[in-house]
Amino acid sequence: FVLGAAHAAVRAEAVAVLRGLWAQPADPADGRLLFRAVAAQLPSLPLHGAASRELLGFVGDMLVATEPAATAASGGGAPPTGIAERVLDALVAGLREQTALLAGHPNAPAYASLGTLLELDGLHLERVPCLAAGRPEARPALVKLEALRAETKFSDSCQLIQLLACQSVHGGQLRIVDARRSVMVSTIRLYANNQHVGDIGELKNQWSRWKRVRTLTVAAGQAEVRFDLPVPVVATNLLIEYAAFHENPASHPEKLQCPRCSRSVADRHGICKHCGDNAYQCRHCRNINYEKLDAFLCNECGFCKHARFQWSFSVEPSFAVQPISTEAERGRLEALIDAELSAAEGWLAQLDAHQRAIGRLLATS
């Protein structure tokens with residue numbers, strides 16, 4: 001966790017544990033053993049790049065403990081005699097080695113020349129990726145659902161959302177706008193699924209394939225709900241179920257209103273006597289759900305006449321996938337790999353062409 005964790009917060013917590021063991025060792029020998037174990041990791045620090053920042057800070061604190069006053073004040077064990085000097089020598093030698101590698105890199109002259117002309121923020125001429133620098137720490141960001149979804153399907157009370165990419169969901173926020181008192185939602189259930197499907201409609205009514213991750217309780221008239229997940233959930237698809245509604249016996253039954261002329265409709269079939277239109281049709285797409293005429297959502301476009309629900313989710317990109325279980329899934333994965341390899345070859349060819357062009361321009365300047 002000290003070097004391999006992807007998030008700085010996790011690495012900081014792991015180093016905090018080491019600090020505790022160092023400050024209050026059960027035996028002085030334990031402190032010296034911990035120092036040796038940490039010092040043994042120093043040669044591998046260049047492989048971890050910026051992820052080694054927390055461990056280096058801890059090494060510095062341990063080296064300070066070589067001072068007698070610092071050792072007495074902290075209660076920790078001083079490093080073994082001569083080890084501190086060898087650790088400093090190893091750090092200096094490692095720094096010299098990495099500096100020499102950078103100076104002798106084939107693209108170093110190009111970067112030096114470009115640095116005098118441009119503000120460079122990366123090593124853009126490299127064909128071989130740097131694994132240590134290529135894992136940026138993405139932090140969860142609050143993103144509107146409209147920016148995350150690739151496809152949406154609806155039932156009379158559910159939204160099924162296929163995401164553009166696999167996401168790690170940490171929490172979210174719901175805003176309820178233009179709510180009508182006649183029908184107000186009281187319980188909303190959130191489900192997640194991490195299976196890649198061609199059509200999100202395949203998961204409709206397939207409850208065994210969904211995992212419930214959160215149940216939201218909404219008070220009558222509440223305009224905003226914020227929520228966090230105890231553990232981030234990896235999701236490729238989301239399902240939002242408007243499961244229960246507030247009972248409001250004080251209000252009168254909602255009158256059926258014609259969407260065209262806005263007059264009250266008393267006909268049990270929903271036919272308006274004034275214009276002949278059907279009052280049960282969706283005001284947005286004119287669809288009629290004959291199986292559930294009083295549905296909360298339009299099962300075609302998702303329009304809700306009782307309120308507007310604006311969802312945002314706190315997400316970060318995730319690369320976790322479900323195991324392959326069928327030949328069809330294997331075939332789709334092989335096709336995806338072939339497509340990505342072809343795209344990578346095209347990008348490398350473009351990079352080579354740009355590198356040669358840059359080299360010619362710098363040589364003539």
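The values are calculated or read from the model by the stated rules, or taken from the named source; none is laboratory data. No experiment lies behind these values; they were computed from the predicted model shown. Cβ sites come from the backbone with ideal geometry, for glycine too, and all protein chains shown count toward neighbours. Ligands, DNA and RNA are stripped out before the accessible areas are found, and what is left, the full protein with its side chains, is counted by its heavy atoms. Shrake-Rupley method; radii C 1.70, N 1.55, O 1.52, S 1.80 Å.
Points worth noting:
- P(r) tail fraction, the range 83-225 - alpha-carbon pairs more than 19 Å apart, %: 72
- Relative contact order for the range 184-264, counting Cα pairs under 8 Å that sit 6 or more residues apart, in percent: 45
- From the C-alpha gyration tensor of the range 222-311, square roots of 5λ in Å: 32, 17, 11
- Residue ranges 103-110, 238-245, 196-203 sort as 238-245, 196-203, 103-110 when ordered by packing (mean number of other C-beta atoms within 10 Å per residue, highest first).
- In Å, descending, principal axis extents of the Cα set of the range 179-225: 38, 19, 16
- Value at 222 nm in deg cm²/dmol, rounded to 500, when DSSP H runs of n ≥ 4 in the chain each add -39,500 (n - 2.57): -10500 deg cm²/dmol
- Per-atom-type breakdown for the chain gives carbon and sulfur 57% of the accessible area (1.4 Å probe, protein chains only).
- Whole-number percent relative contact order across the range 265-323, with pairs defined as alpha carbons under 8 Å at least 6 apart: 17
- If you plug the beta carbon distance of V197 and A16 into 1/(1 + (r/R0)^6) with R0 = 25 Å, you get a FRET efficiency near 0.05.
- The range 272-321 and the range 159-185: distance between their alpha carbon centers, rounded to Å: 13
- Calculated over the range 231-365, the projected area of the Cα convex hull averaged across directions stands at 18.5 nm².
- Modelled FRET efficiency - R0 41 Å, A150 with D89, Cβ distances, 0.05 increments: 0.15
- Normalised contact order of the chain, rounded percent, pairs of Cα under 8 Å and 6 or more residues apart: 18
- Seen from D89, the other residues with C-beta closer than 13 Å to its C-beta sum to a net charge of 0, counting Lys and Arg as +1 and Asp and Glu as -1.
- Distance histogram in 20 Å bins (all Cα pairs of the chain, percent per bin): 19, 35, 30, 13, 2
- Annotation: per residue accessible area for the chain equals 62 Å², rounded to a whole number [probe 1.4 Å, protein chains only].
- A convex hull fitted to the Cα coordinates of the range 274-353 yields 263 cubic angstrom per residue.
- Measuring nothing but alpha carbons in the range 165-252 and taking Rh as the Kirkwood radius, the Rg to Rh ratio lands at 1.03.
- Sparse-neighbourhood loop sites, chymotrypsin sites (Phe, Trp or Tyr not before Pro) in the range 311-344 - DSSP loop, at most 12 other Cβ within 10 angstrom: F319
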